[in-house]
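Undergrad: After the structure tokens below, expect a handful of questions from me.
Derivation of every value follows stated rules applied to the coordinates shown; laboratory data play no part. Computed from a predicted model, the values in this text were never measured in an experiment.
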Amino acid sequence: MFNDIGPLELVTLVLLAVLVFGPEKLPKMIQDVTRTIRKIREFSDSAKLDIRQELGPEFKDFEFEDLNPKTFIRKQLDNDELGLKEIRNGFDLKKEMAEVTDAVHSRDSDTSSSSASSSSGSTGGTVDMTKRPEPDERPPFDADAT
């Protein structure tokens, strides 16, 4: 219930409770809170039991946690009736990214060697993006792009 409360926060809450309620009334307040939480849990469990009985035997495997959309989708995707595990396992993202990286690096080395040979002559309408512009040189202007 309190999985995300750290030790410092817990000590702060205890000190605050002692200051607000006082050391005399604090045990009674703790008993009242635990009794109220217990009654709420009993009410919730009895309501769940009543709903399961009303739904009938065809919904005996029904879980209320399945009403959460994340849980429902996760349960449906883990179900292997559709063969989704084979499809999901067929995608190896690391392998795909390595292939893309290799393709980019090989293309990048091919273009840099070809651009070095073409930079001595005219550029033919292409701009070498790897070459840093001279301080006095203005970048190319494309009227259609603006």
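Undergrad: So what J values fall out for the stretch 90-100 if you push phi through Karplus, 6.51 cos²θ - 1.76 cosθ + 1.60 with θ = phi - 60°, rounded to Hz, Gly and Pro as x?
TA: x, 8, 9, 5, 5, 5, 4, 5, 5, 5, 5
Undergrad: Among the listed pairs Lys39/Lys60; Lys48/Lys70; Lys28/Lys70, which are separated by more than 29 Å between their Cα atoms?
TA: Values: Lys39/Lys60 25 Å; Lys48/Lys70 20 Å; Lys28/Lys70 40 Å.
Pairs exceeding 29 Å: Lys28/Lys70.
Undergrad: If you plug each phi of the stretch 58-64 into the Karplus form 6.51 cos²θ - 1.76 cosθ + 1.60 with θ = phi - 60°, what whole-Hz ³J(HN,Hα) values come out, in order, with x for Gly and Pro?
TA: 6, 10, 5, 8, 5, 10, 5
Undergrad: Would you mind computing the Rg to Rh ratio of the stretch 5-70 from its alpha-carbon coordinates, Kirkwood style for Rh?
TA: Details: Rg = 19.0 Å, Rh = 15.4 Å.
Reported Rg/Rh (Cα atoms, Kirkwood Rh): 1.24.
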